[in-house]
Amino acid sequence: MQPLDIAETLAAISPPRLSTYRSMFAPASDLELYGIYCWNETVSNGFSTLLATVEITLRNAFHRELSRRYGSPAAGPHTHWYDFLALAPRSAEKIREIRGHYRWRRYPPTPDDIVAGLSFGFWKHLLDVTHALDGTPILLNEILADLLPNYPSSSAAYWSGQARQDKFYSRLDTVLDMRNRIAHHEPIWKFGVLLEERRQRHRYRPAQIRNRPTSVAQALDRMNLTYNRSFELLHWLSAHRAADYKASPNHYKMRYMLSPKGIVDFKSISAKKDMTLLGIRRMMKSRTPLEQIIYLRHQGQPAAVILPWMIF
């Protein structure tokens with residue numbers, strides 16, 4: 001984290017890339033600017049952990065529920081259900097691509113192999129599949145009722161409404177958008193206007209709820225909203241998985257990182273404090289609160305970075 005030559009470090013990141021950080025966070029020095037950049041990277045990594053948990057839980061839930069409804073029961077709990085649905089052309093092409101990767105292998109891909117290779121966007125577009133290949137309608141409302149057992153008032157009757165299905169589609173869009181922004185190394189705090197959780201259709205345009213953030217406080221508010229919505233989606237899918245995540249160090253880390261103190265601490269990386277393992281042990285024994293970023297050194301070499309969210 002600590003740069004050896006701040007000018008060279010900022011040049012390597014590039015001034016154009018850092019210009020948005022300067023205009024939003026108004027750092028008092030180049031070191032503060034670099035600290036904000038490191039804060040963005042740390043928040044992105046923390047978000048990635050939550051979004052990966054959501055994605056894996058989502059795809060396994062779809063895999064489970066569609067396997068129950070399509071495919072041969074003799075195949076076991078997981079079937080080639082995608083071979084029975086009238087998928088959109090791009091979705092069907094993705095299935096063929098994954099199978100193509102197994103062309104020269106000894107064994108064909110299992111349903112689990114196929115599902116593991118599908119992108120997050122694939123699952124969103126499943127909500128547009130209306131019929132199976134034999135012409136029978138897809139009962140999406142029944143699938144969603146089983147897919148989202150912890151959604152308030154979740155039932156087949158509840159999910160019959162188009163607007164309710166569209167809200168779920170919009171929630172998936174929120175997670176997918178954040179996932180893609182992290183993958184493309186975009187500033188995680190940079191948002192456009194916030195629309196209501198509805199899907200744009202031919203005769204409906206979602207209403208604007210908030211303007212794009214123009215201050216640090218507004219950016220933090222939007223980041224916390226996105227984080228909370230992502231976690232809520234995980235809870236809709238699996239209460240147990242959500243409880244596991246809520247008890248994880250990453251959740252506590254993100255609550256700290258998505259706070260004004262998290263930003264202030266990272267802006268002050270030049271004021272970091274070096275400590276040895278013995279010093280850390282003494283701090284833990286005395287239950288002294290951690291007020292700043294600490295660089296743990298072992299035998300004179302950097303060994304770890306300890307953040308204030310780690311409560312002793």
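The values are calculated or read from the model by the stated rules, or taken from the named source; none is laboratory data. Here the structure is a predicted model, which is why all the values come from computation and not from measurement. Backbone-built Cβ (ideal geometry, glycine too); neighbour counts: all protein chains shown. Keep in mind that these areas ignore ligands, DNA and RNA; they rest on the heavy atoms of the full protein, side chains included. Shrake-Rupley method; radii C 1.70, N 1.55, O 1.52, S 1.80 Å.
Going by what's in this entry, would Thr79 be described as within 30 Å of Trp189 (Cβ to Cβ) and either of a type in the set (Val, Ile, Thr) or in contact with a Ser or Thr (Cβ under 6 Å, 6 or more places away or on another chain) (or both)? Even if it seems obvious, please write down each step before you answer.
Values: within 30 Å of Trp189 (Cβ to Cβ): no; either of a type in the set (Val, Ile, Thr) or in contact with a Ser or Thr (Cβ under 6 Å, 6 or more places away or on another chain) (or both): yes.
No; evaluated as a whole, the condition is false for this residue.
Taking the conditions exactly as written (within 23 Å of the chain's Cα centre (by Cα) and at negative phi), does Asp166 satisfy them or not? Steps first, please.
Working: within 23 Å of the chain's Cα centre (by Cα): yes; at negative phi: yes.
It is true that Asp166 is within 23 Å of the chain's Cα centre (by Cα) and at negative phi.
Here is a list of conditions, (1) free of Cβ contacts under 8 Å to residues at least 40 places away in the same chain; (2) under 30 Å from Lys190 (Cα atoms); (3) assigned to a helix (DSSP H, G or I), and Asp113 meets all of them except one; can you say which number that is?
The single condition Asp113 does not satisfy is (2).
Within the stretch 143-163, take every residue that is open to solvent by 50 Å² or more (accessible area, probe 1.4 Å) and in a helix (DSSP H, G or I) and give me the one that is farthest from Ser14 (Cα to Cα).
If we take residues in the stretch 143-163 being open to solvent by 50 Å² or more (accessible area, probe 1.4 Å) and in a helix (DSSP H, G or I), then Ser160 is farthest from Ser14 (Cα to Cα).
I'd like to check something: does the stretch 30-53 contain any residue that is more than 29 Å from Phe120 (Cβ to Cβ) and more than 28 Å from the chain's Cα centre (by Cα)? Spell out how you get there, then give the answer.
Step one: filter the stretch 30-53 for residues more than 29 Å from Phe120 (Cβ to Cβ), giving 30-35.
Applying the additional criterion that residues be more than 28 Å from the chain's Cα centre (by Cα) yields 30-31.
Within the stretch 30-53, one or more residues are more than 29 Å from Phe120 (Cβ to Cβ) and more than 28 Å from the chain's Cα centre (by Cα).
Please give the helices (runs of 4 or more DSSP H) falling wholly within the stretch 1-110 in which 2 or more residues are open to solvent by 20 Å² or more (accessible area, probe 1.4 Å) and of a type in the set (Lys, Arg).
Numbers: elements: 6-13, 15-25, 30-69, 89-101.
Of the helices (runs of 4 or more DSSP H) lying wholly inside the stretch 1-110, those with at least 2 residues that are open to solvent by 20 Å² or more (accessible area, probe 1.4 Å) and of a type in the set (Lys, Arg) span 15-25, 30-69, 89-101.
Condition (residue is crowded, with 16+ Cβ neighbours inside 10 Å, aliphatic (A, V, I, L, M), within 16 Å of the chain's Cα centre (by Cα) and assigned to a helix (DSSP H, G or I)) applied to the stretch 121-130: is it met by at least one residue?
no
Inspect all residues belonging to the stretch 207-214 and state whether any of them is hydroxyl-bearing (Ser, Thr, Tyr) and without any contact (Cβ under 8 Å) to a residue 40 or more places away in the chain. Give the derivation first.
At the first step, the residues of the stretch 207-214 found to be hydroxyl-bearing (Ser, Thr, Tyr) are 214.
Next, only the ones that are without any contact (Cβ under 8 Å) to a residue 40 or more places away in the chain stay: 214.
Yes: the stretch 207-214 contains one or more residues that are hydroxyl-bearing (Ser, Thr, Tyr) and without any contact (Cβ under 8 Å) to a residue 40 or more places away in the chain.
Say whether the condition of being more than 30 Å from Leu33 (Cβ to Cβ), in contact with a helix residue (DSSP H, G or I) (Cβ under 8 Å, 6 or more places away or on another chain), at pLDDT 95 or above and not acidic (Asp, Glu) is met by at least one residue in the stretch 215-231. Break it down into steps so the answer makes sense when it comes.
Just the residues of the stretch 215-231 that are more than 30 Å from Leu33 (Cβ to Cβ), to begin with: 231.
So of that shortlist, the ones also in contact with a helix residue (DSSP H, G or I) (Cβ under 8 Å, 6 or more places away or on another chain) come out as 231.
Now drop any that are not at pLDDT 95 or above, which leaves 231.
With not acidic (Asp, Glu) added as a condition, the list becomes 231.
Yes; the residues of the stretch 215-231 include at least one that is more than 30 Å from Leu33 (Cβ to Cβ), in contact with a helix residue (DSSP H, G or I) (Cβ under 8 Å, 6 or more places away or on another chain), at pLDDT 95 or above and not acidic (Asp, Glu).
For residues that are under 20 Å from Asp166 (Cα atoms) and in a loop (DSSP other than H, G, I, E, B), scanning just the stretch 198-211, find the one that is least open to solvent (accessible area, probe 1.4 Å). Don't jump to the end; show me each part of the working.
Filtering the stretch 198-211 down to residues under 20 Å from Asp166 (Cα atoms) leaves 198-210.
Next, only the ones that are in a loop (DSSP other than H, G, I, E, B) stay: 198-200, 202-203, 205-207.
Numbers: Arg198: 77, Arg199: 42, Gln200: 108, His202: 174, Arg203: 222, Arg205: 173, Pro206: 14, Ala207: 48 Å².
Ranking the qualifying residues of the stretch 198-211, first place goes to Pro206.
Given (1) under 21 Å from Ile95 (Cα atoms); (2) touching a helix residue (DSSP H, G or I) at 6+ places or on another chain (Cβ under 7 Å); (3) at pLDDT below 95, where does Pro108 come up short, assuming only one miss?
Exception for Pro108: condition (2).
Being more than 11 Å from Thr53 (Cα to Cα) and assigned to a helix (DSSP H, G or I) is the filter here; which residues of the stretch 238-247 pass it?
Initial filter on the stretch 238-247 (more than 11 Å from Thr53 (Cα to Cα)): 239-240, 243, 246-247.
Hits for the stretch 238-247 are Ala239, His240, Ala243, Lys246.
Yes or no, residue by residue, for (1) among the hydrophobic types (A, V, I, L, M, F, W, C); (2) assigned to a helix (DSSP H, G or I); (3) modelled with pLDDT of 65 or more; (4) touching a Phe, Trp or Tyr at 6+ places or on another chain (Cβ under 7 Å):
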position	(1), (2), (3), (4)
Lys261	no, yes, yes, no
Val264	yes, yes, yes, no
Ser270	no, yes, no, no
Asp274	no, no, no, yes
Leu278	yes, yes, no, no
Tyr295	no, no, no, no
Val305	yes, no, no, yes
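Conditions (1) open to solvent by 60 Å² or more (accessible area, probe 1.4 Å); (2) aliphatic (A, V, I, L, M); (3) in a helix (DSSP H, G or I), marked per residue:
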{"position": "Gln165", "(1), (2), (3)": "no, no, yes"}
{"position": "Arg171", "(1), (2), (3)": "no, no, yes"}
{"position": "Leu176", "(1), (2), (3)": "no, yes, yes"}
{"position": "Ile182", "(1), (2), (3)": "no, yes, yes"}
{"position": "Glu186", "(1), (2), (3)": "yes, no, no"}
{"position": "Phe191", "(1), (2), (3)": "no, no, no"}
{"position": "Pro213", "(1), (2), (3)": "no, no, no"}
{"position": "Ala219", "(1), (2), (3)": "no, yes, yes"}
